[in-house]
Every structure is written in structure tokens, then in C-alpha cells.
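Notes for the one structure printed next.
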Number of protein chains: 2
Amino acid sequence: MEILKVSGSSVPRSVAGAIAAVLRREETVAVQAVGAMAVNQAVKSMAIAREYLVDDAWDLAITPSFEHIDIDGAERTAIKFVCTRKARAVANDTQAPVPSEV
Amino acid sequence: MEILKVSGSSVPRSVAGAIAAVLRREETVAVQAVGAMAVNQAVKSMAIAREYLVDDAWDLAITPSFEHIDIDGAERTAIKFVCTRKARAVANDTQAPVPSEV
């Protein structure tokens, strides 16, 4: 499974584009984030990726989990989001527009 | 759908307990968070809730979306996570233990 690493300075629209690109050719992609800012950017990215996949008739189902990773010899706790594409429910299409400041 | 509001000072294990409790009687529950700290606590809560539901043979599928809400007359952008219970895949059970500091 491909892993996209997201930081607190990642641009959500760019990460969203990467998520959508992987999910057009694979069933799942993992998004990894360490720290609150990175987790927040990851979540925004996944919400935007749902919009990018509308025309493909895909939606996302996400499962978050804790993961212990090694960064420069120190153990850190990461959040790993496994994103799985699923058929889009028409009635599900009620998301507010992506805010312009994102 | 029941909505659980999470703040930056919410305790993930408590929110996880609330998520699991709703999902034992309903198919879905929404978790709402405003701001990076609240989003991070919400994500940790949902990861822990997956553990709490293992004995029920449920797992979570989450879809995040943007939502515009009114807080004291000001429009804020919230993240709404719709959590849907699903049958647990046995092979899926590879999450690292919940960190003690959470």
C-alpha cells in the first residue's frame, strides 16, 4: 500500500490530488501524519480528495489507527489513515463547499 | 444522526467511549471538531473507538467533510466525521497498542 506522508506545512489541495491519483489506480492508500498540525492537514486533504473523486463516482472510507514510527532514532506516535475507495452514494453528496482559505 | 462535539481539551478515551456507545445502538454517529487541536483529539478518539468495538466485531469507516457552522454569530469551518460501523475484518487487526499518553 502506498504511503503519503503529510506534515503540518503540507498543502491540503496538493495532498488531496495525490490521494485521488493513487485511488484512481489502486483500491487503498495510506496517509501518515505525526502531530496535531499534520493530522489536521491530513484530514482536510482527505475531505478535499472526496470532492476530487466525485467525477470518478468514488468516495472514501477511512480507518485511522496509531502507529509507532522511528524518526531520527526517537519513537514517535503517528496516525495512519487507511483510505479505501468506495462507490459514491448520491444522497451522500451534501458536503459544504471546500473553504477558500484551505 | 447523533452529533458528538469534540474540543481541543476533550479526552480521547472518553470521546471514544461515547462513539462506541452510540455505534452499539445506531449505525452511524457524527463527530464534529473546530480547529486543529479538536480535529486531532477527534481522530485519536475514533482510533481508540475502533479498539473499544473489537469485542462487538465492529470496525469504523469514516468520511470527513467540511461544514460551516455558526459559533456566537461568527461563521466557522468545522470538520464533520461521519462514523459508520462495519463488520470487522480479522486481517485488519494490526493496529499498534493505544499509546499510554493519549
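Applying 1/(1 + (r/R0)^6) with r as the Cβ-Cβ distance of residue A:26 and residue B:100 and R0 = 41 angstrom yields a FRET efficiency of 0.75. Overall shape of chain A was characterised from the C-alpha gyration tensor. The equivalent ellipsoid obtained from it has semi-axes of 24, 15, 11 Å, in decreasing order. For residue B:21, inter-copy separations between label points set 7 Å beyond Cα along the Cβ vector come to 4.5 nm, shortest first.
The mean count of C-beta atoms from other chains within 10 Å of the C-beta of residues in A:46-53, rounded to a whole number, is 3. If R0 equals 45 Å, the separation of the Cβ atoms of residue B:55 and residue A:54 corresponds to a calculated FRET efficiency of about 0.75.
Distances, shortest first, from the label point of residue B:7 to those at the same position in the other copies read 3.3 nm; the point lies 7 Å along Cα to C-beta.
Note on chain B: GNM, Cα springs under 10 Å; of B:39, B:31, B:90, the largest mean-square fluctuation is that of B:90.
Distances between copies at residue A:90, taken between label points 7 Å from Cα along the C-beta direction, are 3.9 nm in increasing order. Peptide B:33-41 is shielded by partner chain Cβ atoms: per residue, an average of 4 of them sit within 10 Å of its Cβ.
Working from Cα pairs under 8 Å separated by at least six residues, relative contact order for chain B is 29 percent.
Every number in this text was worked out from the coordinates using simple rules, so none of it is lab data. Computed from a predicted model, the values in this text were never measured in an experiment. Every residue, glycine among them, receives a Cβ derived from its backbone with ideal geometry; neighbour counts consider all protein chains shown.
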